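S.K.: Below is the structure I would like to discuss, written out as structure tokens.
The values are calculated or read from the model by the stated rules, or taken from the named source; none is laboratory data. Only a predicted model underlies this, so the values are computations on that prediction, with no experimental measurement involved. All Cβ positions, even for glycine, are placed from backbone atoms using ideal geometry, and neighbour counts span all protein chains on display.
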Amino acid sequence: MSSLLARAARTGIRSPLSSRLHQPMAAIRFQSTEAKAAATTEEYDVVIVGGGIAGSALACALASNKASSTLKIALIEAFDLSNHIKWSPRPDQYSNRVSSLTPKSVAFLKKIGVWSELDESRVAACEGMQVWDGVSGARITFDAANVDGVQSSFLHQVFSGNVPNPSGVNNTTQETLGNSKEASPLAWMTENLHVQYGLQKQLVGHQARGVKLDVFEKTKVQGITTEQGEAAQLPQGDWPSVRLDNGKTLVTRLLVGADGVNSPVRSFAKIESLGWDYSQFGLVATLQIDPSTSTAPGQGKGIAWQRFLPTGPVAMLPLNNGYASLVWSTTPQIAQDLKKLPARDFCALVNAAFSASPAELEYLYKSIGPDGQPLIDFQKEIEWRTSVHDQEASQTMVRGNSFQGEAKPPRVVDVQENTRAPFPLRMRNSSSYVEDRVVLVGDAAHTVHPLAGQGLNQGLADVECLARVVETSLLSGSDIGNIHSLTPYSSERFLPNLAMLGTVDKLSKLYNTDFGPVVWARSLGLTAVDKMGPIKNEIMRFAMGLEESPNRP
Amino acid sequence: MSARIFTRTNPSALKQCLARTGTNSTLARSTRAATAAPCASLFTFRSPLEAPTGKLYEGHIPISPLQRTILAVGSAFTALANPLRGDMVAALGETTSGIFLNRIRDQMLQDPEGRRILRERPVITSETMQLDTLRQLPDGTFGREYVRFLDDQQVSPDTREPVHFVDSEELAYVMQRYRETHDFYHTLTGLPVTVDGEIALKWFEMAQTGLPMTMLSSFFGPLRLSSEERKRLFNVYVPWALENGSTSKLLMNVRWEEWMEKPVEEVQRELGVRPCPQV
């Protein structure tokens, strides 16, 4: 009998009988372990590994929700989270990690009460976007004023299935956008640290009003295990237990991996991560721009600039107070060289990256010595090429019409010290986002090329969805950690994330060449799309996160 | 048979030719006003009847894409029928040179010498070259052999056809420089000024720049050769051209003016070119 039961337990079959029969054994086990482990083992409903934006936002979302605020939640972070609350930046300093938050993400942050914690003067609205091909000059212009209100549309049906009556977050989105005629910005730019500040403020607030939320900061996860054999048949037997380096062990109903690209939670759940590394590095930096050359259409509202070079896209995102954030995707070698270059030459090179031809840039890259010092006078060389271009543009008649209309990116005058940082670019998608009692969100689930600025937004969309799925299971009385309760999360997020990953990956590959026929075809396509208002509108709405309507149960 | 034909001409023939293809057409101008507004920014589809630029440099003749097509086809046929029409050969080169010149300019921008040439824009005329001084140089120097070549062919650097149809000031200079330095190539390689010699030079340039444009003359030029010339071309010159063209320094990046006093052998060694086998 007992061997039969053991087999049943191993194969995952459970009957009320078996658990009843084993009740005494459970008691024995607890008695025997209590002496040495009871003080250090704690049970939780949700343990979130990783206190980054995705992890903290999930903790916040669960705590702010009426149904899930009764859960016992733990948030584990290896670094010091309390630093974020003390964050008090100077107005003339910006962190180099800046994200663009889509209207959908902002609606979510508003919903969980984080947005109101943020300092408005450090959030820059992005009203327009200029994207162009560095090889051919073909250009597409996005303008917030051209985006229609929230309604079902073509791309939405392709990527999300037709949902007739979106509610929940999309209602909030509508409120955010204001049903008024006034157009919403395309995105909001702000520092990741700033979002973290808002999140931690909220978390402290939730703790103060009695939500059972434990934050383990400066704490590392040493190992994650599940009970094996006999013990697995206990009521909490199949729950993952997370061993921390402070001696504690957390046993949890639901384990959330928000622990980044190399997610230990994902390895524990034996979920494969598929994808590849781009042979590119992204270089971020905080730039100071010449305000007189800035073409911001309104007060504090900027334009995001992105130029596709054969080595990768270079983007300048607007910040306030005459600052901008740079994300320059390029070869690993050039990224390292750019980091070492003296500030003056670096700025000259950034300006050239937005105007000079790829051949001219190539020469400049080659002219950086092994010690990071330029071998030639960058400014002189760039000025000469600019004067040649300007002279030709000024005499070009018919093309002149379009050239005059083409806004130029602002001129970079300085780069903030110690903000230049390169990081490798990758594409990854987990083969699955859920396993029994384990769920992945954010970078742990998927990693994307930064060219569309979608990584963080995808992560927040994951979090929004997961919080909603957990709430639904609670309301229906099901076990939140059970794989069947988690499946709606996976089915809702997997396809949109994959679609975004694929789109961004194809874009990056399409533009990673200067092969003539490809350049011609992509320029023709880009110019055509630029002229086709409705299609452009759809693309914008897709990028703004207005297309995805969650499939609600 | 002279290879000067490739670029040396009288300009009046050109003007006639242009008049025939309808340069300065009032049609083009009147259409511009009507179509510019919707089409201007859509440069991929700009009207074929309007010239894309104004006059950019001395000698520039702005023409519309339609005129360009007619001129290219017309000059191709004329040049094939009568290779002595240097104006037609030049017009053919210019009207079909868009990508070619761009790539050459890019290759020049990659090289410090090439950049210096683009920046300083040296011009080669009998005046700037000081041919009389070059004649005083000892035998075997590059300058002396260059003048000897000019004298043998009874030409001077001043008889080059100016550039007319390239719609960019800098690219027009590149085209001009390309023509002006042509005689140095003969001195450097020792290729004779015959049709097969010129075609061999085209093969050399093709191997060097990797550009398909030079292929045109490499492939179609031999149609006009006698079988003996063709045999010499493909057995001797082409193998030499492919080998040397792919290993030597890009000749557009050479400031020839500064190499005049060096012995020819040293110039050949420094540029990585072996002299062409003499037949």
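S.K.: Restricting the search to the range B:41-81, which residues are among the hydroxyl-bearing types (Ser, Thr, Tyr), part of a helix (DSSP H, G or I) and at pLDDT below 75?
M.R.: Correct list: B:THR44 only.
S.K.: Then there's this: With respect to the numbered conditions (1) outside any loop (DSSP other than H, G, I, E, B); (2) more than 14 Å from chain A (Cβ to nearest Cβ); (3) under 19 Å from the mean Cα position of the chain (by Cα); (4) of a type outside the set (Lys, Arg), which one is the sole condition not fulfilled by B:ILE124?
M.R.: Among (1) outside any loop (DSSP other than H, G, I, E, B); (2) more than 14 Å from chain A (Cβ to nearest Cβ); (3) under 19 Å from the mean Cα position of the chain (by Cα); (4) of a type outside the set (Lys, Arg), the lone unmet condition for B:ILE124 is (1).
S.K.: Only one of (1) at pLDDT below 90; (2) part of a strand (DSSP E or B) fails for A:GLY275. Which number is that?
M.R.: So the condition that A:GLY275 fails would be (1).
S.K.: I'd like the full set of residues that are in a loop (DSSP other than H, G, I, E, B) and not polar (S, T, N, Q), limited to the range A:450-465.
M.R.: A:GLY453
S.K.: Does the range A:69-110 hold any residues that are farther than 30 Å from A:ARG541 by Cβ, part of a helix (DSSP H, G or I) and among the polar types (S, T, N, Q), and which are they?
M.R.: A:SER69, A:THR70, A:SER82, A:ASN83
S.K.: Further, regarding this structure: Identify all residues within the range B:132-145 that are in a helix (DSSP H, G or I), surrounded by 15 or more Cβ atoms within 10 Å (Cβ to Cβ) and more than 22 Å from the chain's Cα centre (by Cα); write none if there are none.
M.R.: Within the range B:132-145, B:LEU134, B:ARG144 qualify.
S.K.: I've got another one for you. If a residue has to be of a type in the set (S, T, N, Q), in a loop (DSSP other than H, G, I, E, B) and over 22 Å from the mean Cα position of the chain (by Cα) to count, how many in the range B:233-279 make the cut?
M.R.: Within the range B:233-279, residues that are of a type in the set (S, T, N, Q), in a loop (DSSP other than H, G, I, E, B) and over 22 Å from the mean Cα position of the chain (by Cα) number 1.
S.K.: Starting from residues that are outside any helix (DSSP H, G or I) and in contact with a helix residue (DSSP H, G or I) (Cβ under 6 Å, 6 or more places away or on another chain), keep the ones in the range A:346-396 and report whichever is farthest from the other protein chains (Cβ to nearest Cβ).
M.R.: Within the range A:346-396, the match that is farthest from the other protein chains (Cβ to nearest Cβ) is A:GLY372.
S.K.: Across the range A:58-104, what is the number of residues that are crowded, with 16+ Cβ neighbours inside 10 Å and of a type in the set (S, T, N, Q)?
M.R.: Qualifying residue count, the range A:58-104: 9.
S.K.: In addition: So how many residues does the range B:81-96 have that are crowded, with 20+ Cβ neighbours inside 10 Å and not charged (D, E, K, R)?
M.R.: Of the residues in that region, 8 qualify.
S.K.: Sticking with this structure for a sec: Residues to consider are B:GLU205, B:GLU170; find the one that is within 14 Å of another protein chain (Cβ to nearest Cβ) and part of a helix (DSSP H, G or I).
M.R.: B:GLU170
S.K.: Can you tell me which residue within the range B:146-158, out of those that are part of a helix (DSSP H, G or I) and surrounded by 14 or more Cβ atoms within 10 Å (Cβ to Cβ), is farthest from the other protein chains (Cβ to nearest Cβ)?
M.R.: Going through the qualifying residues, I end up with B:ARG148.
S.K.: Further, regarding this structure: Return yes when B:ARG116 is at pLDDT 75 or above and crowded, with 16+ Cβ neighbours inside 10 Å and no when it is not.
M.R.: Here the answer is no, as B:ARG116 does not meet what is asked.
S.K.: Now a separate question. In the range B:183-199, which residues are in a helix (DSSP H, G or I) and modelled with pLDDT under 85?
M.R.: Answer for the range B:183-199, where residues must be in a helix (DSSP H, G or I) and modelled with pLDDT under 85: B:VAL195, B:ASP196, B:GLY197, B:GLU198, B:ILE199.
S.K.: Also: Output the qualifying pairs, or none if there are none: Cβ atoms under 8 angstrom, residues six or more apart or on different chains, first residue in the range A:519-538 and within 11 Å of chain B (Cβ to nearest Cβ) and surrounded by fewer than 19 Cβ atoms within 10 Å (Cβ to Cβ), second residue in a helix (DSSP H, G or I) and hydroxyl-bearing (Ser, Thr, Tyr).
M.R.: Between residues of the range A:519-538 that are within 11 Å of chain B (Cβ to nearest Cβ) and surrounded by fewer than 19 Cβ atoms within 10 Å (Cβ to Cβ) and residues that are in a helix (DSSP H, G or I) and hydroxyl-bearing (Ser, Thr, Tyr), the close pairs are A:LEU524/B:THR44.
S.K.: Please find, within the range A:433-449, the residue that is modelled with the lowest pLDDT out of those that are aliphatic (A, V, I, L, M) and part of a loop (DSSP other than H, G, I, E, B).
M.R.: A:VAL448
S.K.: Picking from A:GLY137, A:GLY113, A:GLY128, which residue would you name as being within 14 Å of chain B (Cβ to nearest Cβ) and either outside any strand (DSSP E or B) or small (Gly, Ala, Ser) (or both)?
M.R.: A:GLY137
S.K.: Additional query: Which residues, counting only those in the range B:76-121, are of a type in the set (Asp, Glu) and either under 16 Å from the mean Cα position of the chain (by Cα) or more than 14 Å from every other protein chain (Cβ to nearest Cβ) (or both)?
M.R.: Once the filter is applied, which keeps residues that are of a type in the set (Asp, Glu) and either under 16 Å from the mean Cα position of the chain (by Cα) or more than 14 Å from every other protein chain (Cβ to nearest Cβ) (or both), the range B:76-121 yields B:ASP87, B:GLU94.
S.K.: Right, here's the next one. For the range A:321-338, check the following and say yes or no: at least one residue is assigned to a helix (DSSP H, G or I), within 20 Å of A:ASP514 (Cα to Cα) and either more than 27 Å from the chain's Cα centre (by Cα) or at pLDDT below 90 (or both).
M.R.: Among the residues of the range A:321-338, not one is assigned to a helix (DSSP H, G or I), within 20 Å of A:ASP514 (Cα to Cα) and either more than 27 Å from the chain's Cα centre (by Cα) or at pLDDT below 90 (or both), which makes the answer no.
Residue by residue, here is whether (1) buried (at least 21 other Cβ atoms within 10 Å of the Cβ); (2) under 13 Å from A:SER68 (Cα atoms); (3) of a type in the set (Ser, Thr, Tyr); (4) without any contact (Cβ under 8 Å) to a residue 24 or more places away in the chain holds:
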residue	(1), (2), (3), (4)
A:GLN458	yes, no, no, no
A:GLU471	no, yes, no, no
A:LEU475	no, yes, no, no
A:TYR489	yes, no, yes, no
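S.K.: Just to be sure, is B:ARG20 more than 24 Å from B:ASP183 (Cβ to Cβ), at pLDDT 70 or above, among the charged types (D, E, K, R) and not in a loop (DSSP other than H, G, I, E, B)?
M.R.: Judged against the criteria, B:ARG20 is not a match.
S.K.: Check the range A:331-340 and report whether any residue there is within 14 Å of another protein chain (Cβ to nearest Cβ) and in contact with a Phe, Trp or Tyr (Cβ under 9 Å, 6 or more places away or on another chain).
M.R.: The answer is no; no qualifying residue exists.
S.K.: While we're on this one: A:ASP505 - would you say it is within 14 Å of another protein chain (Cβ to nearest Cβ) and acidic (Asp, Glu)?
M.R.: Against the criterion (within 14 Å of another protein chain (Cβ to nearest Cβ) and acidic (Asp, Glu)), A:ASP505 does not qualify.
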